[in-house]
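The values are calculated or read from the model by the stated rules, or taken from the named source; none is laboratory data. Keep in mind the model is a prediction, meaning the values are calculated, not measured. Note: ideal-geometry Cβ built from the backbone for every residue, glycine included; neighbour counts use all protein chains shown.
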Amino acid sequence: MHSNISLPGLEAFIITKSFERDGYYQLHVELKREPHHCPCCGQITNRVHDYRLQKIKHNHLFSRSTLLFYRKRRYVCVNDECKKRFYEKNTLVERYQRQSREFNQAMSLELIGGKNFKDVASRFDTSPTTVMRRFDQIGLSMLQETKQLPEVIAIDEYKGDAGGEKYQTVIADPIDRKPLDILKDRKKETLKAYLRKHGGNVKVVVMDMSPSFKAAVDQALGKPVVVADRFHFCRYIYWALESVRRKAQKDFDDYDRKKCKRMRHVFYKHYENLTDKQLWYLHYYLEKSNDLKIAYQLKEAYRLWFEIAKNLAPKGLKEVKERLYEFYDLVKASGIPEFERAIETFQNWQKEIMNSFGYDLHNGFVEGINNQTKVIKRNAFGFKRFDRFRLKVLLHHQYKNIDIRVA
């Protein structure tokens, strides 16, 4: 290799020789001799005291693991009263480091986009502990912390199994569709303390139907507008239908009991989307149980109300509420206890349910965040430390649009 070649990160250096040895591509580099200011007295000096050879791990070059051998000068001050010895300034490596700046920057990018620490370690021919130590160093400096929450936030929980807690709480922005922070657990006091510190501007909160979350939000924020997530209140109707189906199929013969279980999806799909075969099974099992038939009709009545509510909102909320009361009357007339318990929950959360149509907000994006978080956790085979898990998840979302692959 000729001395005039220029490589990324080595533009200022002279490459004196290069060769392959022991599975590494080795480059010997040095800087042009230039005058330096003494760090003690400021005297300009060009006198070299000695040279030292430093081995530095660098990015892959030409798809090969690369080592740099930097022949660095140590200058000596020409001031007879000073005689300070110091190394020349360089852009290749930080003091006390064994990896180049380019290497550390590339690793930083891969730590955000890579699957897990072991995967990044294998790509950079280093150990997982080195990668984790590097991640801890850069994580907090790169993370854009949320100091003040926006006017509209969404709250949900997910199973993280980190830091000795089974569940963690994610706080997100449903308008700009981005996660804001992750709390170490789902306890009421933890959420309340965080909201009191950061939630001075919050006016609307989207959440599931958790009494703990509701109490924390009301106590910390002075009872803002709470919007119940649509998925979480809709599932009470489908849970009621599922309970009736399980109870009804116990009276079927052995074949029909097993077949009904396997075909349970026909009860949950929209009626107009069923195939001819699915319609046949649906009517067959509805005729075998009157309670199951009534439960299915109630489910369809609820689905009709839900579709009308979405079309009428937000201006037709009065009619939406009247139609919801009509659904309550249908359930009470049916005498099916599973659905009666479901509408008790609806009545307890009716204000929040109506808010979901008035504000047209939901937690769908947060559920997507939770799914990505679980994928990150599975790829890493779990995280013991919550702080490291939190950094990994938040950095992933903040920098996921940076399309850079290195090494």
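Points to keep in mind about this one:
- Flag if A162 is over 24 Å from A380 (Cβ atoms), among the small types (G, A, S) and surrounded by 14 or more Cβ atoms within 10 Å (Cβ to Cβ): no
- Residue in the stretch 108-115 that is touching a residue at least 12 places away in the same chain (Cβ under 8 Å) and assigned to a loop (DSSP other than H, G, I, E, B) present: yes
Conditions (1) modelled with pLDDT of 90 or more; (2) not hydroxyl-bearing (S, T, Y), marked per residue:
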| site | (1), (2) |
| --- | --- |
| T345 | yes, no |
| S356 | yes, no |
| Y359 | yes, no |
| H362 | no, yes |
| N371 | yes, yes |
| A380 | no, yes |
| H396 | no, yes |
| K400 | no, yes |
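- All helices (runs of 4 or more DSSP H) inside the stretch 338-400 with 1 or more residues being under 30 Å from E307 (Cα atoms): 350-359, 364-379
- Verdict on L31 being out of contact with any Ser or Thr (no Cβ under 6 Å at 6 or more places or on another chain), crowded, with 16+ Cβ neighbours inside 10 Å and free of Cβ contacts under 8 Å to residues at least 60 places away in the same chain: yes
- Listed by first and then second residue, the pairs linking a residue in the stretch 188-206 that is over 26 Å from F357 (Cα atoms) to a residue that is assigned to a loop (DSSP other than H, G, I, E, B), with Cβ atoms under 8 Å apart and 6 or more places separating them unless they lie on different chains, are T190/K184; H198/T146; H198/K147; H198/Q148; H198/L149.
- Selection count where residues are in contact with a Gly (Cβ under 8 Å, 6 or more places away or on another chain) and within 21 Å of R95 (Cβ to Cβ), scope the stretch 53-85: 2
- Flag for Y284 being part of a helix (DSSP H, G or I), within 36 Å of the chain's Cα centre (by Cα), of a type in the set (S, T, Y) and modelled with pLDDT of 95 or more: no
- Unmet criterion (only one of (1) free of Cβ contacts under 8 Å to residues at least 40 places away in the same chain; (2) in contact with a Cys (Cβ under 8 Å, 6 or more places away or on another chain)) for D253: (2)
- Flag not set for G9, criterion: of a type outside the set (K, R), loosely packed, with under 14 Cβ neighbours inside 10 Å, in the same structural domain as S65 (by TED's automatic domain parsing) and assigned to a loop (DSSP other than H, G, I, E, B).
- Residue count, the stretch 32-81 (criterion: of a type in the set (A, V, I, L, M), part of a strand (DSSP E or B) and farther than 30 Å from R123 by Cα): 3
- Residues of the stretch 257-281 satisfying the condition of being more than 25 Å from E307 (Cβ to Cβ), within 36 Å of the chain's Cα centre (by Cα) and not charged (D, E, K, R): none
- Of the residues making up the stretch 95-104, those that are at pLDDT 90 or above and among the acidic types (D, E) number 0.
- For Y296, the criteria (1) more than 26 Å from A228 (Cα to Cα); (2) not in a loop (DSSP other than H, G, I, E, B) hold in every case but one, which is (1).
- Answer residue from the stretch 382-398, given it is out of contact with any Lys or Arg (no Cβ under 9 Å at 6 or more places or on another chain) and of a type in the set (A, V, I, L, M, F, W, C) and is nearest to I153 (Cα to Cα) among those: L394
- Residue that is farthest from the chain's Cα centre (by Cα), among those in the stretch 327-337 that are in a helix (DSSP H, G or I) and either under 15 Å from K299 (Cβ atoms) or among the polar types (S, T, N, Q) (or both): S334
- For the stretch 217-234, a residue qualifies if it is of a type outside the set (G, A, S) and free of Cβ contacts under 8 Å to residues at least 40 places away in the same chain, and the qualifying residues are D218, Q219, L221, K223, P224.
- Any hit, the stretch 268-279, residues being in a helix (DSSP H, G or I) and surrounded by 19 or more Cβ atoms within 10 Å (Cβ to Cβ): no
- Flag for D229 being closer than 16 Å to I353 by Cβ and not polar (S, T, N, Q): yes
- Sole residue being of a type in the set (A, V, I, L, M, F, W, C), touching a Phe, Trp or Tyr at 6+ places or on another chain (Cβ under 9 Å), assigned by TED's automatic domain parsing to the domain that holds H270 and under 25 Å from D254 (Cβ atoms), chosen from L317, L282, L298: L282
- Among residues of the stretch 26-82, those that are farther than 30 Å from A106 by Cβ and polar (S, T, N, Q), counted: 4
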